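Everything below concerns the one structure shown next.
A short reminder: the numbers here are calculations on the coordinates, not readings from a lab. This structure is a prediction, so every number in the text was calculated from the model and none was measured. Neighbour counts are summed over all protein chains in view; Cβ atoms, including those assigned to glycine, are modelled from backbone coordinates with ideal geometry.
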Amino acid sequence: MPLDIDTEKEFDIEDLKHDIERSRATDRWEDAPAEIKELFHKIEWNVIDGENQATVELINPAIEAEVSARTLIAGPMSTGISEVGRRFKFDEYFLPEVMMSAKCMQAALGVLKPLILEEKGEEVGICVIGTIQGDLHDIGKNIVAMMLEAASFTVIDLGVSTTPAAFIAAIKEHKPHIVGFSALLTTTMGMQWETIKQITAEGLREDVKVFVGGAPITQAWCDKIGADAYCVDALVAVEKAKACVRRYGDLKGGDPELHAALVAMDTADAERQAAQKKLQHATA
Ligand code: B12
């Protein structure tokens, strides 16, 4: 008799739907005061529903209630847009809905940007960043650029669908410590590899530390294409960028020692989180 196995897709749909429906009702952000939790759910659902104006109007009350811009981005805004991605994947949403939700994210980021940039101090390094050729997604790239600026990097943002030639020209002009490629499509991630190849062919590879990110990007992909660092999100990007100019400032782009050191930062972080969880369980 053939084995009866649930397909991954069926499991995904049920699991994700269950999660988001339960969360809408109660249990996400349990540690927040009730009124903040309520506000977060409203922001999350306005992003999902593509309510641009309403999303923006909820941002200031959250800031006034002392919620940081970072928490808003990493919290309800991110969970909202992730749910939009899930709905699109499973044909519950089509492109117009995704565009409306993207507009919500951009409008909310517009309100948050000046607050984040207030933290900027004396320059610690230079970073060139862009979404790779063929790819028009820029919300994640903009968040990374904003967080790097807040961490006192000078950021040259090349925008979307950036050609390898444009990255090369920017490296020559601005002499950045770091160059970052964003890719959100499995069909464009290959352009990260192509861009590294062209940077190498120009003799510039050792001059820059190459960062890669975006939803389909993994550490394994980073290893395969010879990038220096994979960053799962903007906060990791900031930590690794700082390490690249300070602790590992003497190492060149493409150096295996640099690559190993940056991977080790993720391992150390995972271990720290696991230890924290253990401690929480022990004291609960
Ligand atoms: C919003 C969105 C759009 C918007 C983009 C608006 C904009 N201005 O960006 C619009 C409507 C335009 C769009 C268009 C398309 N999209 Co779209 N889109 C999305 C969606 C829902 C959210 C992306 C997003 O903003 N996420 C939120 C941000 C904060 O997350 P993030 O980008 O991952 O960024 C974080 C990290 O990855 C990291 N990071 C990101 N970049 C970088 C760079 C560096 C250097 C570093 C260090 C870190 C880093 O840090 C960020 C912040 O923490 C995703 C779904 C998903 N789950 O990703 C689909 C998705 C990416 N899109 C998809 C598709 C298919 C498309 C289209 C092809 C649809 C079509 N038929 O036309 C087009 C492609 C257009 C093009 N040529 O690029 C698919 C891709 C599937 C695949 N296998 O490739 C996805 C995964 C949806 C899905 N589930 O099927 N899309």
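For 279, 72, 185, what ranking results if the residue with the fewest other Cβ atoms within 10 Å of its Cβ goes first? Walk me through the intermediate numbers first.
Details: 279 10, 72 23, 185 17.
Ranking 279, 72, 185 by Cβ neighbours within 10 Å, fewest first, gives 279, 185, 72.
Given 0.36 nm per residue, what is the gain on full extension from residue 94 to residue 152 after removing their alpha carbon distance, in nm? Show your work: numbers first, answer last.
Numbers: separation 58, 0.36 × 58 = 20.88 nm, distance 3.84 nm.
My answer for the length gained is 17.0 nm.
Amide H of residue 133 versus every other amide H placed in the peptide plane: which residues, excluding those fewer than 5 positions away on the same chain, fall under 5 Å?
The answer is 162.
Can you compute 3J(HN,Hα) from phi for each residue in the range 230-240, using the Karplus curve 6.51 cos²θ - 1.76 cosθ + 1.60 with θ = phi - 60°, rounded to whole Hz and x for Gly and Pro?
Running phi through 6.51 cos²θ - 1.76 cosθ + 1.60 with θ = phi - 60° gives 9, 10, 5, 8, 5, 5, 5, 4, 5, 4, 5 Hz.
Under the classification rounded if a/c is under 1.5, otherwise prolate if a/b is larger than b/c and oblate if not, where does the range 125-270 fall, given a ≥ b ≥ c as square roots of the Cα gyration tensor eigenvalues? Let's see the in-between values first.
Numbers: a/c = 1.22, a/b = 1.15, b/c = 1.06.
Here the range 125-270 falls in the rounded category.
What relative contact order, as a whole-number percentage, does the chain give when Cα pairs under 8 Å and 6 or more residues apart are counted? Let's see the in-between values first.
Details: 382 pairs, mean separation 35.2, N = 284.
Reported relative contact order: 12 percent.
Can you sort 31, 138 by how many other beta carbons sit within 10 Å, fewest first? Please report the intermediate quantities before stating the final value.
Values: 31 6, 138 19.
The order, fewest Cβ neighbours first, is 31, 138.
What lysines could a cross-link reach from residue 242, if we take a straight Cα to Cα line under 24 Å and drop same-chain neighbours fewer than 8 places away?
113, 120, 141, 172, 175, 209, 224, 252
Using the number of other C-beta atoms within 10 angstrom as an exposure proxy, rank 44, 239, 30, 206 with the fewest first. Before the final figure, lay out each step's value.
Numbers: 44 26, 239 17, 30 7, 206 13.
With the fewest neighbours first, 44, 239, 30, 206 line up as 30, 206, 239, 44.
At 7 Å along the Cα-to-beta-carbon direction for both residue 165 and residue 250, put a label point, then send me their distance in nm to one decimal.
4.0
What number comes out for the charge environment of residue 262, summing +1 per Lys or Arg and -1 per Asp or Glu over other residues with Cβ under 14 Å away? Spell out each step's value before the answer.
Working: positive: 209, 240, 242, 246, 247, 252; negative: 223, 228, 239, 255, 257, 266, 269.
The answer is -1.
Could you order peptides 271-277, 140-146 by the average number of other Cβ atoms within 10 Å of their residues, highest first? The partial results should precede the final answer.
Working: 271-277: 10.0, 140-146: 23.9.
Put in order of decreasing packing, that is 140-146, 271-277.
Suppose R0 equals 30 Å. What FRET efficiency, 1/(1 + (r/R0)^6) with r the Cβ-Cβ distance, do residue 223 and residue 124 give to the nearest 0.05?
0.65
Give me, ordered by chain and number, the residues 5 or more places off residue 152 or on other chains with an amide H under 5 Å from its own placed amide H.
Amide H to amide H, under 5 Å and 5 or more residues apart or across chains, residue 152 pairs with 121.
Please say if the range 95-170 is rounded, prolate or oblate, where rounded means a/c under 1.5 for a ≥ b ≥ c the square roots of the C-alpha gyration tensor eigenvalues, and otherwise the choice is prolate for a/b larger than b/c and oblate otherwise? Walk me through the intermediate numbers first.
Numbers: a/c = 3.99, a/b = 1.12, b/c = 3.56.
It comes out oblate by the Cα gyration axes.
Show the residues, 5+ positions off or on another chain, whose built amide H is closer than 5 Å to the amide H of residue 209.
Those lying under 5 Å, H to H, from residue 209 are 178, 179.
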